[in-house]
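The next block holds one structure in the form of structure tokens; read it before the comments.
The values are calculated or read from the model by the stated rules, or taken from the named source; none is laboratory data. Please read all numbers here as calculations on a predicted model, not as lab measurements. Because the Cβ atoms are built from the backbone with ideal geometry, glycine has one as well, and the counts that use them run over all protein chains shown.
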Number of protein chains: 2
Amino acid sequence: MDENNLNRWLNSRKARKAALTADALFEGIKNHSIKDLSQGITLLESTLESDQKIAKELISKCLPLSGKAIRIGITGVPGVGKSTFIESFGKLLHKEGKKVAVLAIDPSSEVSGGSILGDKTRMEEISMLPNIFIRPTPSGKSLGGVAQKTRESIYLCEAAGFDVILIETVGVGQSSTMVHSMVDFFLLLMLSGAGDELQGIKRGIMEMADTLVITKADGDNLEKAKKAANEYKNAMHLFPPSENNWIPKSIICSAYTNFNIDLVWNTIQQFINHNQENGWLEHNRQLQDNYWFEESVRETLIHHFLDNPSSKEYINDLKKQIEQKSISAIQAADILFNQLINKNGSN
Amino acid sequence: MDENNLNRWLNSRKARKAALTADALFEGIKNHSIKDLSQGITLLESTLESDQKIAKELISKCLPLSGKAIRIGITGVPGVGKSTFIESFGKLLHKEGKKVAVLAIDPSSEVSGGSILGDKTRMEEISMLPNIFIRPTPSGKSLGGVAQKTRESIYLCEAAGFDVILIETVGVGQSSTMVHSMVDFFLLLMLSGAGDELQGIKRGIMEMADTLVITKADGDNLEKAKKAANEYKNAMHLFPPSENNWIPKSIICSAYTNFNIDLVWNTIQQFINHNQENGWLEHNRQLQDNYWFEESVRETLIHHFLDNPSSKEYINDLKKQIEQKSISAIQAADILFNQLINKNGSN
């Protein structure tokens, strides 16, 4: 074979392999194979171009089968008991015959080197159950990138027949907002003693919650939890109403004694029914699609133009000039833009 | 004169005129001339390139003199009594010898054809006072653009010796968030009967407020207002604490009887002192500068690549494909990006 022929042969082989793999994975996913689902998500998270190609094909195949699950976001500061809650909640759903996927977004774990769900012993019991799928935070440099991968993983999980998708995130910083924009229902877990444990929670998150759950309502803590739940209930009545006319609930529960875990699930089902009837659920998912489309375009443009050493140096220099009050922030943006566009020769 | 010479002469004349004008305007502004301040802002808002050039020079000259005013954002739904409050509040500040500039951001007024402050009769009394400067919403197509112009107007007002800058906005949609990111203190005006009048307020705004003021606390309404203020006070204690450790206050007032208008001003001064001491004020302004720099770059890139008929058609087509579940939102963004970059020949 001469070189041309060899290349052609290699390419056609690659193409066949890719086609086969996406097809094979899709067949597996459709037939609820956890192994194929895991492999599919691994491809989706891969930075290799060849993997990305297969992943894209796979997503396109899964999309028509997606959308049937209830997508639930769960947030709360570290220490609020997210894992214990999910363990308890997952067992309940499993008992009701639901297939549950648990995904996570926690870019901060990248820094510490471990993923929020990497240590599966934190959800020891449910991770052993056959219809529960637990997947740690995807690796990725930016929060936007991590969130995009999680969002596409939802489609694969739904195509694999999962009924409930739980997306876990720490309630600090931007990640909660990202999760809020990919779920149907947003749950905020809180401790009973309002105050210090709220430190770090992004302002505005409380107003986004569809239900607030006070955790660890057991033993000596029960009365305190009841009081807190009542206070939050009153507070939430004062919030601006949401578009779907749902009044956020305030619930106490204990994952330790299994108290009220079923009430949380009932509340979520009530919310879903309410918003299926008024059409908001479908409408909201469309808005979310638009948001992610536009947000991804922004993210890609910014990344393309700004994430390189020469841009960064230029940006730092401009920031210094802003600080020294020699140019305004908006003028600096103008200068940077002109430099970027001219350098890229597209003007 | 041949054509070359004529052009050279015209250009040098233009340059001289521009230099003179920016210098002259700056001289005027520095000497507190309202006429020159107005003209400066008009240039800043102009879309003519020649005006923009002068405006940029003028901003650069004004920047070193900026930063000394207290920047206050005032938001609330239509009907809450923003104009009446500002009228009363402005008179108080005037009595205390303060120079007050009132700017506005209300892009929705573009639709209705009139500006929120265009009708100056709404602030009849203070608009006559010598040290009060009222400027309606700048015209502009996008909220981002309008907000940028308002933000740069702040520098000009500060260089002109204004002590307090009030930035008024309706509390619905994105404009409140924009105002929040350009002020030191964010005031949310509310009516006493929580409920319907909150309709349309963007969720999360309440958690952003540094102080909440219940308006129209007079006559039959007084008791209701007191009760509401108390409820809000309790609610705000449950909010995540802000970085500056300020606990938002809840105040009742009446612009009609002038009740508690001074308390609002005292609270703002208390807030400013508190945050000058702990260094947050300066820190926050730096964060805001960074935000506006990055936001403006984003805005400009998006505008450059997406705001043209052919892009729009392409985008609509992609959105349809997302809706039909043939591609994911993130894939669509990818396709659009590649198309944009290739078309612009910058890859």
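Whenever a residue of region A:234-251 is free of Cβ contacts under 8 Å to residues at least 60 places away in the same chain, its partners that are part of a loop (DSSP other than H, G, I, E, B), lying with C-beta atoms within less than 6 angstrom and at least six residues away or across chains, give the pairs A:A235/B:L238; A:M236/A:P248; A:L238/B:A194; A:P240/B:R203; A:P248/A:A209; A:P248/A:D210. Within region A:196-252, the residues that satisfy the criterion of being surrounded by 18 or more Cβ atoms within 10 Å (Cβ to Cβ) and among the polar types (S, T, N, Q) are A:T211, A:T215, A:N221, A:S250.
The helices (runs of 4 or more DSSP H) falling completely within region A:253-347 that include 3 or more residues that are at the interface with another protein chain (Cβ under 7 Å from one of its Cβ atoms), of a type in the set (F, W, Y) and crowded, with 18+ Cβ neighbours inside 10 Å map to A:280-306. Could you tell me whether region B:46-53 includes any residue that is outside the structural domain of B:I214 (by TED's automatic domain parsing), surrounded by fewer than 23 Cβ atoms within 10 Å (Cβ to Cβ), without any contact (Cβ under 8 Å) to a residue 60 or more places away in the chain and under 12 Å from B:L156 (Cα atoms)? The answer is no; no qualifying residue exists.
The set of residues in region B:42-79 being touching a Gly at 6+ places or on another chain (Cβ under 8 Å), of a type outside the set (S, T, N, Q) and not in a helix (DSSP H, G or I) consists of B:G76, B:V77.
The residues of region A:222-258 that are in contact with a strand residue (DSSP E or B) (Cβ under 8 Å, 6 or more places away or on another chain), of a type outside the set (A, V, I, L, M) and farther than 27 Å from A:Q276 by Cβ, listed by number, are A:K226, A:N230.
The rows are residues; the columns are (1) of a type outside the set (A, V, I, L, M, F, W, C); (2) in contact with a helix residue (DSSP H, G or I) (Cβ under 8 Å, 6 or more places away or on another chain).
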site: B:C253; (1), (2): no, yes
site: B:L281; (1), (2): no, yes
site: B:S310; (1), (2): yes, no
site: B:L318; (1), (2): no, yes
site: B:Q331; (1), (2): yes, yes
site: B:N338; (1), (2): yes, no
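Residues that are out of contact with any Ser or Thr (no Cβ under 8 Å at 6 or more places or on another chain), of a type in the set (G, A, S) and under 21 Å from A:D184 (Cα atoms) within region A:212-263 comprise just one, A:S242. Scanning region B:56-68 for residues that are more than 10 Å from chain A (Cβ to nearest Cβ) and surrounded by 23 or more Cβ atoms within 10 Å (Cβ to Cβ) yields a count of 1.
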